[in-house]
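Written out below as structure tokens is the structure these notes cover.
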Ligand SMILES: *Cc1c(COP(=O)(O)O)cnc(C)c1O
């Protein structure tokens, strides 16, 4: 058994345990494999083990991998910072974008989404821990932004995404995740019908599932430690 296969099995088992502890169906949690910095061969291995959704942070690296893996029906998710002059290749090549945090980027993605493709699935990124250096809309911007994005014709706003500040114990991890769940409930109570909370990484996946995550974004626990941290 390869390392990636056994890691994937361990992550799936951990999702089942956390879902069970939260009284949730494990099917309600989608596993997004975050493959940034890892080569196409690693993605092929994960695909052979049944993984179909992959997340990438760096545009050029992602486009290169898509070309190398064009024979596989992979669902690609863009999860990295977005420069507003680089939206077109994102609109043309991905199924989901998790890292939209301003209206201008959303408008460009909508304009540039090819008409022959289904609407681009969007998560609005929230800077839930209020870190100055981090991207993401502030919690008080979320409602107006979500309503504005939901009106764009070629996008489908699916939910909210966050990368909380790291915390060690589960109680501390759960605080910002719980605030995300409340934000989603708030915008849904205002008439939107968002079904996605994109939260939970290798270190806080269980806490995220306890707080209602519907999509966990897991890199290290599947592919191992990243030795290269920057774009290709
Ligand atoms: C790298 C990354 C992940 C995966 O993080 P791990 O700790 O390796 O599981 C998830 N989400 C985003 C936005 C990332 O950049």
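The values are calculated or read from the model by the stated rules, or taken from the named source; none is laboratory data. None of the values given here were measured: they were computed from a predicted structure. When we count neighbours, we look across all protein chains shown, and the Cβ atoms used for this are built from the backbone with ideal geometry, even at glycine.
Data table
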quantity	calculated
Among (1) within 16 Å of the ligand (Cβ to nearest atom); (2) over 18 Å from residue 197 (Cα atoms) - the single one residue 123 does not satisfy	(2)
Test: residue in segment 49-60 that is more than 19 Å from the chain's Cα centre (by Cα) and under 17 Å from residue 208 (Cβ atoms)	no
Residue within segment 217-229 that is more than 9 Å from the ligand (Cβ to nearest atom) and either assigned to a helix (DSSP H, G or I) or within 15 Å of the chain's Cα centre (by Cα) (or both) present	no
Filtered residue count, segment 205-216, keeping only those that are more than 20 Å from residue 78 (Cβ to Cβ), touching a strand residue (DSSP E or B) at 6+ places or on another chain (Cβ under 9 Å) and either away from the ligand (no atom under 12 Å from the Cβ) or outside any helix (DSSP H, G or I) (or both)	3
In segment 186-204, the residues that are in a helix (DSSP H, G or I), in contact (Cβ under 8 Å) with a residue 24 or more places away in the chain and either within 17 Å of the chain's Cα centre (by Cα) or loosely packed, with under 15 Cβ neighbours inside 10 Å (or both)	186
Conditions (1) at pLDDT below 95; (2) not in a loop (DSSP other than H, G, I, E, B): number failed by residue 166	(2)
Positions within segment 141-172 being without any contact (Cβ under 8 Å) to a residue 12 or more places away in the chain and closer than 15 Å to residue 126 by Cβ, in sequence order	141, 144
Qualifying position, being outside any loop (DSSP other than H, G, I, E, B), over 23 Å from residue 57 (Cβ atoms) and under 18 Å from the mean Cα position of the chain (by Cα), among 160, 183	183
Members of segment 34-77 found to be crowded, with 22+ Cβ neighbours inside 10 Å and either over 22 Å from residue 205 (Cα atoms) or more than 16 Å from the ligand (Cβ to nearest atom) (or both), listed by number	62, 65
Looking only at segment 78-100, and only at residues there that are in contact (Cβ under 8 Å) with a residue 60 or more places away in the chain and under 27 Å from residue 9 (Cα atoms), the one that is farthest from the ligand (Cβ to nearest atom)	96
Candidate set: segment 1-33, residues that are farther than 18 Å from residue 204 by Cβ and in a loop (DSSP other than H, G, I, E, B); chosen: the one farthest from the ligand (Cβ to nearest atom)	23
